[in-house]
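Comments concern the structure below.
The values are calculated or read from the model by the stated rules, or taken from the named source; none is laboratory data. Small disclaimer: the values here were computed from a predicted structure and weren't measured. Reconstructed Cβ throughout: ideal geometry from the backbone, glycine too, with neighbour counts over all protein chains shown. Side chains are part of the model used for accessible areas, which takes the heavy atoms of the whole protein and leaves out ligands, DNA and RNA. Shrake-Rupley method; radii C 1.70, N 1.55, O 1.52, S 1.80 Å.
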Amino acid sequence: MQEDTMGTWDVGPFDNDTAADFGGTLDEAAADARAGIVRDTLRRVIDTVGCLDAPESEEAVAAAALVAAQCPGGEPAHPVYGPEEPLPDLTGLRDLAVQALDRVLTEPSELMELWDESDGGPWRAHIRNLRNVLAPQPPGEQLRLA
């Protein structure tokens, strides 16, 4: 992944400039507005018809990671680039988070295309892990994304 092209330094949900800015946006928002920001971010990606731009996808992946962080087996948000302020219960957004991740991985998706131009395997593995936390499958039936 070329850092100068995407402002990306690793494959994690908050390992890019857009997601780090999203964390800052949540910190600056009023406490009672944070869940709505996460929900609206997920919904905007789900509702996108045509090409899904990379920045919207990066925000949606970060939002999905925040939801997953509150679920069993979820990992905490990035300690530096994720939001620092407490978030309300986001577990009611699990289905939206799954739908948003599915949309990020559905053509046409600029972020998916950018990752496909480089070694996108580790990034896809992170997305798959997030999705499995958000919508766990019975053992032996874990989602496999190409």
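Before moving on, here are some points about what is shown:
- Only a single criterion out of (1) at positive phi; (2) in contact with a helix residue (DSSP H, G or I) (Cβ under 6 Å, 6 or more places away or on another chain) is not satisfied by Glu58, namely (1).
- Candidates are the residues of region 93-146 that are acidic (Asp, Glu) and assigned to a loop (DSSP other than H, G, I, E, B); the one that is modelled with the highest pLDDT is Glu107.
- For region 63-102, filtering for residues that are open to solvent by less than 20 Å² (accessible area, probe 1.4 Å), within 12 Å of Ala135 (Cα to Cα), of a type outside the set (Val, Ile, Thr) and within 11 Å of the chain's Cα centre (by Cα) leaves 4.
- Region 48-62, residues that are crowded, with 24+ Cβ neighbours inside 10 Å and among the small types (Gly, Ala, Ser): Ser57, Ala60, Ala62
- Among the residues of region 25-47, the one identified as open to solvent by less than 40 Å² (accessible area, probe 1.4 Å) and outside any helix (DSSP H, G or I) is Ala29.
- When the criteria are applied in full, Asp10 fails the requirement of being surrounded by fewer than 16 Cβ atoms within 10 Å (Cβ to Cβ) and part of a helix (DSSP H, G or I).
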